[in-house]
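Colleague: Got a structure for you, questions after.
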Amino acid sequence: MERLQPYKLPRNVNPDEGDYDWLLRYVWNIKLCESLYPGLQNLEIALRNAIHNTLSKAYETEFWFLKEGLLKVGESEQIRRAERLIPTGKRKIAGKYVAELGFGFWVSLLHKRYHDSLVPKIMKTAFPGKAHPMKRSLVAGELDTIRKLRNRVFHHEPIWNNPRLAVLHNQILQYVAWLNYELFIVTRGVDGFETIHQSGTTPYKEIIAEIG
């Protein structure tokens, strides 16, 4: 049961709980992660497309990311890694690069190091659903927090005990809406997070009871 240690409450909170309680939280955590997939996936798609389209227009090329001196060392290395994944001899298509760049790459383009270059272009047109201007630091901070949550979800790590989970879920949906409202409608239609989060471990008691 070592794998279930992260699902254990401190002894001073509930000294009598055992494997049954840990298993309940483990299953609940699986369902919580599953419920966040649509929002996280569609946020990544929306952010990627919005930033890529914005910078393609700003620099008048879909290969804006290859412009010398535009990207810093870390992001340039990610571009090189993406290029190595394109089969040798194949015609270079911008979309091939873009498809290989992860959520963290797009979030990094909003960091302070791009304050005078990429950020003004991105903030001006990439969030058409936002009525009022947003501060770069706020957007970068919130998206970076979502990135960390995304990593935990996709690495099957515990998220059940995150006190801000509901807030982060709302932020995910809000950013999808600001980036692409049509995609937000789809995301909202398949999103089941609130029910799963509010129900807690109760719905899984029968499942765990069958084990014992």
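Colleague: On the given criteria, is ARG164 over 27 Å from GLY129 (Cα atoms) and of a type in the set (Lys, Arg)?
Modeller: The answer is no for ARG164.
Colleague: Which number in (1) of a type in the set (Gly, Ala, Ser); (2) part of a loop (DSSP other than H, G, I, E, B); (3) crowded, with 17+ Cβ neighbours inside 10 Å marks the one condition that GLY104 misses?
Modeller: (2)
Colleague: Find all pairs meeting these conditions: Cβ atoms under 6 angstrom apart; at least six residues apart or on different chains; first residue within region 134-160 and over 14 Å from VAL119 (Cα atoms) and assigned to a loop (DSSP other than H, G, I, E, B); second residue of a type in the set (Lys, Arg) and modelled with pLDDT of 95 or more.
Modeller: Partner pairs satisfying both residue conditions: ILE159/ARG152.
Colleague: Moving on to the next point. Hey, could you check region 43-73 for residues that are polar (S, T, N, Q) and either under 23 Å from the mean Cα position of the chain (by Cα) or closer than 26 Å to ARG150 by Cβ (or both) and say which is surrounded by the fewest Cβ atoms within 10 Å (Cβ to Cβ)? Let's see the steps before the verdict.
Modeller: At the first step, the residues of region 43-73 found to be polar (S, T, N, Q) are 49, 53-54, 56, 61.
Next cut, either under 23 Å from the mean Cα position of the chain (by Cα) or closer than 26 Å to ARG150 by Cβ (or both) only: 49, 53-54, 56.
Numbers: ASN49: 16, ASN53: 13, THR54: 19, SER56: 16.
Only one residue fits best here, namely ASN53.
Colleague: Within the bounds of region 74-95, is there any residue that is surrounded by 15 or more Cβ atoms within 10 Å (Cβ to Cβ) and in a loop (DSSP other than H, G, I, E, B)?
Modeller: Yes, region 74-95 contains at least one residue that is surrounded by 15 or more Cβ atoms within 10 Å (Cβ to Cβ) and in a loop (DSSP other than H, G, I, E, B).
Colleague: Test each condition in (1) in contact with a helix residue (DSSP H, G or I) (Cβ under 6 Å, 6 or more places away or on another chain); (2) crowded, with 18+ Cβ neighbours inside 10 Å; (3) assigned to a helix (DSSP H, G or I); (4) touching a residue at least 40 places away in the same chain (Cβ under 8 Å) for LEU168 and report the one that comes out false.
Modeller: In the conditions (1) in contact with a helix residue (DSSP H, G or I) (Cβ under 6 Å, 6 or more places away or on another chain); (2) crowded, with 18+ Cβ neighbours inside 10 Å; (3) assigned to a helix (DSSP H, G or I); (4) touching a residue at least 40 places away in the same chain (Cβ under 8 Å), LEU168 misses (4) alone.
Colleague: Against the definition (in contact with a Lys or Arg (Cβ under 6 Å, 6 or more places away or on another chain), without any contact (Cβ under 8 Å) to a residue 60 or more places away in the chain, surrounded by fewer than 19 Cβ atoms within 10 Å (Cβ to Cβ) and of a type in the set (D, E, K, R)), how does ARG113 come out, yes or no?
Modeller: Taking the combined requirement at face value, the residue satisfies it.
The values are calculated or read from the model by the stated rules, or taken from the named source; none is laboratory data. Just so it is clear, the model here is predicted, and its values are computed rather than measured. Cβ coordinates were reconstructed from backbone atoms using ideal geometry, including for glycine residues, and neighbour counts include every protein chain displayed.
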